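Written out below as structure tokens is the structure these notes cover.
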Amino acid sequence: MSFTAVASYTAAAKRPIEPVGQYFLAHATRTLKGHTWSEFEKIEAEKNVVSVEEKDADEELFDEEINDPELLAHDPKDWKTCDLYAALGLSKLRVKATPSQIVKAHRKAVLQHHPDKKSSKGGSLDQDGFFKIIQKAFETLMDPAKRKQFDSVDDNADVAVPTGKITNNAEFYAAWGPVFESEARFSNKQPVPSLGDDNSTREEVELFYKFWNNFDSWRTFEWLDEDVPDDTSNRDHKRYIEKKNNNARKKKKTDDNKRLSDLVKRVQAEDPRIKKFKEDEKAEKARKKWEREAGARAAEEAAKAKAEAEAKAKAEAEAAAKNDKEAAKKAKEAAKNAKKKNKRAIRNSAKDNGYFGDEDKAAIIDLDLDALIDSFDDVKLGEVASKLKDVTGDDAKKVLNEVAAESKLSLKYFV
Amino acid sequence: MATIGIAFGNSTTSFATIKDGKVDVIANPDGERFISSTLSYVDGDEYHGQQALAQVIRSPRSTIVNFRDFIGVPFEEINSEYSKYAAHPIELNGKVGYEINGNKISVNEVVKRHLKQIKNAAEDYLGQEIESVVLTVPTNFNEIQKCELIKISNDAGLKVKQLINEPTSALLAHLSNKNQLLEDKIYVVADFGGIRSDAAVVSVRGGIMTLLSTEHSNKLGGIELDEALIDFFASDFQKKFKADAKKTEKSYSKLSAASNITKKTLSNIQTANVSVDSLAEGFDYMSSINRLRFELVGRKVFSEMTQFVENVVKKAGLETLDIDSVLLVGGTSNIPKVANTLSLIFPESTEIFAPAIDSKLPNPNELNCRGAAIQASLIANFDDEEIKESLQPIIINTEHLQVPIGIKDLDGNFLTILSKETAYPIKKQISFESNSDNVEIEFYEGKRSIKETVVEPEQYSDEEEDSEEEEPEIIREVEYLPGTLLAKMSLNGVGSGKNVDVIIQIDREGKMHLTGRSGDVVVKGEITQA
Ligand SMILES: Nc1ncnc2c1ncn2[C@@H]1O[C@H](COP(=O)(O)OP(=O)(O)O)[C@@H](O)[C@H]1O
Ligand SMILES: [Mg+2]
């Protein structure tokens, strides 16, 4: 007989079982029978449960843990100065937390910080203090009026105003955008225009400054009131404190309005887009002016061009005319030369052919030829000369006889 | 005084009671068992169910449909797509409302009137007053939605004894019907409804059910199949008459109603007609479609359903091989193609419960209300305080084993005694016959492994023309092998052929008590959790 334990078995996972069916009811009855649970056991039962539904989107927005030692050690009597959002694990959501998120976060905080649980782990009893703060935070944040008061002075939601030198546009938007996003929480009017960037239009930028220069804030400063003594015996003192509180609130409100208005003025003065819009405007003006003057400039240029063109045309015309004249002259000379040549050819035709054997009548023949040449116009001269060109002897005489017959002159030799 | 179970869906509501030990799904006076979750206000009368749905064509803006998921949801978060052809949701104090014939009505009021109609129908049928109800809700209904629903139902005169999750309700109905509650199995419960689909992986261990994963889709459901059919018929109509059947809201709604009927008919028979008088531009439409064509028209939707089921299995950290059974739920699960395509992603050993595979099963659309009725009868004698006590986190939130625990059997195989995901405290016993005088028992954690078996293809006769060389098929199965050795015990002098009992018990604190026993020989020991 023997038993040997060799290893531990793999850790289990806590899951909710489905509360249906007879076997579940048997389980419930068995578990319930004669059993009472401490608050601690009940809280433990809700922890580390593997749930199958997608992890609640809200949970992701809550703080992972609430364990800032300073927060945990905060004096519960001074709870009003505590970061109530952080106490519930809502330090990321703050003013944006919805009531249902607050309920959920509170539940989670209670699970983590219930005094039953802490004392069981040997924590000292005065850790109850933080649990009290959790409860106060829950009460405050679930009451819309109280929450507004707290939100008004929740400087953990503030974004630091840039102090260093801003060297480029991107830096400007990165530094100031979040400041305005944070200030926007105080606006009565929603949505609030955001700072935008280099791509914002002029209208958008103007709208932005218009909105912020007329900011309508719900911010109040009651939360910082000095406690009003509730002891009725000293009414005067009570009234005095109340009055003091009222004045303090008013002053803080005025200061805050001025703070914001100064801030907006400063940003407006530094806004690279405003500078750019101004430069653009100047450039635009210059451009307009230039455009306006464009008419006159164009006319002048046109006139100049016209004159130049005219001069050019004239010169060209003159050159052409000169050319023509020379050509005409040349043509005339050529014609004259041709005429001379033809006349000579006709005149020499008899002599070159030995006067057709009638050398004795040479003088008469020459006279006849002269008469014929005189009677010919330029065309006829050319015609006859060309006919004579390739003929000799009697053939030439024959040509001349024919021409003489045509001429109807009374000639001595040619008939 | 009776107790009933109600499954209140966006598309339909059904309810059941237990009569003579049997579940009885109740019909309304019009004989409907799946009552359309629709209200319509025409000429000063309130219509409900199918009668109300019929008004969508004539009076769309006076007819309210698909409103259940609007309960307890801020107006800006709702998806009103499925109210396009009916009354449009409006914002009413940040929540959802409707404006019907000039009167504003909140969604809570709509739900209340709907539940009142259900109550009246149930009382009519049963001849007695309804005292209380068990209602089903999707697993992703949040606390606010649940509180609202309880409040509204109470206002409607139906006192809510318990809200239970839809998939577990369906599974409870199925397992009770089959008397299989005590068989340890991993189930996929896939509910394909009208405008949404939901699936869950559920482990059933010793009659206790645990959700291992869930999946939801608002873009998958019967309405997508209706739309596929509408498109198909509309293009046929266009071809025949050169007229657009989808142009006016009225013609669209007419075709939609007809397509829905055709779709349902095709779940039962191979060919269905569609006929719409004066569909558009004065033309009557008449045509028919067979099941094959419908499956082609809806193939995108069917493949999304498969993907959807694969997702829920993956979310549970499992493979389809690990799933023992699939239970199909919801109206759309009547379609044979749904079961057929799903069976392709599971091994042959996985059982699929759907009417297309086993015609003797109840209508998948009844399962939710059947489970609710069973639960209602189980808790009928519990008072509110007792129910509240049973639902405390300390009862519900339970430790679950993450690996199976068992022994090595005489052949050296791992024999599961407690399956993975068994909730404890638990006690379970198995028995075997000894084969020697001294018996050694070794307790192990089971190690998951995949067994691959090669199955040679069947030789087909060469009648088939181009019957290519068939690849041998590899069948994969999950099996558990002895993993970490947890403990050993030896029982001396038992005698061969004697009965040996092995008992594993895990107490509330997680301590595991191991016992081996044969006659007077008893060995005990315990091990701890890591
Ligand atoms: N026999 C059937 N064949 C095919 N589809 C059906 C059948 N019966 C109902 N449906 C479809 O089922 C859907 C409604 O399913 P249901 O489970 O009642 O939805 P829900 O649970 O969202 O109210 C509708 O799209 C309807 O057309
Ligand atoms: Mg359903």
Just to confirm the filter: which GluC sites (Glu not before Pro) across the range A:239-298 are DSSP coil and have at most 14 other Cβ within 10 angstrom of their Cβ? A:GLU293
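Listed highest first by mean packing, meaning other Cβ atoms within 10 Å per residue, what order do A:190-201, A:78-89 come in? Walk me through the intermediate numbers first.
Details: A:190-201: 13.5, A:78-89: 20.5.
Per-residue mean Cβ counts within 10 Å order the peptides as A:78-89, A:190-201.
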May I ask for the distance between the Cα centers of the range B:209-224 and the range A:362-415, given as a whole number of Å? 130 Å
Cα-based radius of gyration of the protein assembly as shown once divided by 2.2 N^0.38 Å, which approximates compact folds: 1.75
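Calculate, in whole percent, how much of the Cα-Cα pair population of the range B:293-450 lies beyond 29 Å. The partial results should precede the final answer.
Details: 5631 of 12403 pairs.
Value for the range B:293-450: 45 percent of Cα pairs lie more than 29 Å apart.
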Using 31 Å as the Cα-Cα cut-off, could you pick out the over-long pairs in A:LYS96/B:LYS314; B:LYS360/B:LYS451; B:LYS22/B:LYS451; B:LYS19/B:LYS360? A:LYS96/B:LYS314; B:LYS360/B:LYS451; B:LYS22/B:LYS451
Roughly how many whole Å is it from the C-alpha centroid of the range B:256-292 to that of the range B:119-141? 34 Å
Rounded to the nearest 500, the 222 nm mean residue ellipticity computed for chain B from DSSP H runs (n ≥ 4, each -39500 (n - 2.57)) alone is -8500 deg cm²/dmol
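If we sort A:153-166, B:12-25, B:227-240 on the protection proxy, mean other Cβ atoms within 10 Å, highest first, what's the order? Could you put the intermediate results ahead of the total?
Values: A:153-166: 12.1, B:12-25: 19.1, B:227-240: 17.4.
Highest to lowest by the protection proxy: B:12-25, B:227-240, A:153-166.
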Selection of GluC sites (Glu not before Pro), the range A:171-229, meeting DSSP coil and at most 14 other Cβ within 10 Å: A:GLU226
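Does the range A:169-270 come out rounded, prolate or oblate, given a ≥ b ≥ c as the square roots of the eigenvalues of its C-alpha gyration tensor, rounded meaning a/c under 1.5 and, failing that, prolate meaning a/b above b/c?
Prolate, because a/c is 1.5 or more and a/b exceeds b/c.
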Ranking A:SER233, A:ASN246, A:ALA327 by how far each Cα lies towards the positive end of the charge dipole of chain A (+1 on Lys and Arg Cβ, -1 on Asp and Glu Cβ), the top one is A:ALA327
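Nearest 100 Å² is fine: how much accessible area is buried between B and A, summed over both sides, with a 1.4 Å probe? Don't jump to the answer; show the numbers that get you there.
Numbers: alone 26240 and 28850 Å², together 50320 Å².
The summed interface area works out to 4800 Å².
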The range B:18-147: Rg/Rh from Cα coordinates, Kirkwood Rh? 0.99
The size of the Cβ-based charge dipole (Lys, Arg +1; Asp, Glu -1) of the protein assembly as shown about the Cα centre, to the nearest 20 debye, is 4640 debye
Positive-end residue, chain A charge dipole about Cα centroid, Cβ charges, pick of A:LEU25, A:LEU260, A:ILE43: A:LEU260
Expressed in angstrom, Rg and Dmax over the Cα atoms of the range A:17-158 are 17.8, 57
For chain B, give the magnitude of the charge dipole about the Cα centre (Cβ charges: +1 Lys/Arg, -1 Asp/Glu; no others), in debye to the nearest 20. 1880 debye
Quick one: angle between helix B:367-378 and the longest Cα principal axis of chain B, in degrees between 0 and 90, rounded to 10, please. 60 degrees
Taking the Cα atoms of the range A:1-70, what is the range of coordinates along each of the three principal axes, in descending order and whole Å? 58, 36, 28
Report the Cα-based extents of chain A along its three principal axes, largest first, to the nearest Å. 182, 88, 37
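Loop-only trypsin sites (Lys or Arg not before Pro) in the range B:265-365, please: DSSP not H, G, I, E or B, and at most 11 other Cβ atoms within 10 Å.
Values: sites: B:ARG291, B:ARG293, B:ARG299, B:LYS300, B:LYS314, B:LYS315, B:LYS337, B:LYS360; in loops: B:LYS360.
Of the trypsin sites (Lys or Arg not before Pro), the ones in loops of the range B:265-365 whose Cβ has at most 11 other Cβ atoms within 10 Å are B:LYS360.
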Mean-position separation - Cα centroids, the range B:329-372 and the range A:308-350, in angstrom: 116 Å
What percentage of the solvent-accessible surface of the protein assembly as shown, computed with a 1.4 Å probe over protein heavy atoms, is contributed by carbon and sulfur atoms? 49 percent
Can you tell me the orientation of helix A:378-389 relative to chain A, as the angle in degrees between its alpha-carbon axis and the longest Cα principal axis, to the nearest 10? 70 degrees
Going by a ≥ b ≥ c, the root eigenvalues of the Cα gyration tensor, does the range A:347-401 fall in the rounded group (a/c under 1.5), the prolate group (a/b larger than b/c) or the oblate group? oblate
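Using unit Cβ charges (K, R positive; D, E negative) and no other charged atoms, how large, in debye to the nearest 20, is the dipole of chain A about its Cα centre? Kindly include the intermediate steps, with their values, before the conclusion.
Working: 79 positive and 81 negative charges, 255 e Å.
Once rounded to the nearest 20, the dipole reads 1220 debye.
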Against the longest alpha carbon principal axis of chain B, how many degrees, from 0 to 90 and to the nearest 10, is the axis of helix B:222-241 turned? 40 degrees
Beta carbons within 10 angstrom, averaged per residue: use that to sort the peptides A:342-354, B:367-379, highest first. B:367-379, A:342-354
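The values are calculated or read from the model by the stated rules, or taken from the named source; none is laboratory data. Remember, it's a predicted structure, so these values are computed and weren't measured experimentally. Please note: Cβ atoms are built from the backbone with ideal geometry, for glycine as well, and neighbour counts cover all protein chains shown. What goes into the accessible areas is simple: the full protein's heavy atoms, side chains included, and nothing from ligands, DNA or RNA. Shrake-Rupley method; radii C 1.70, N 1.55, O 1.52, S 1.80 Å.
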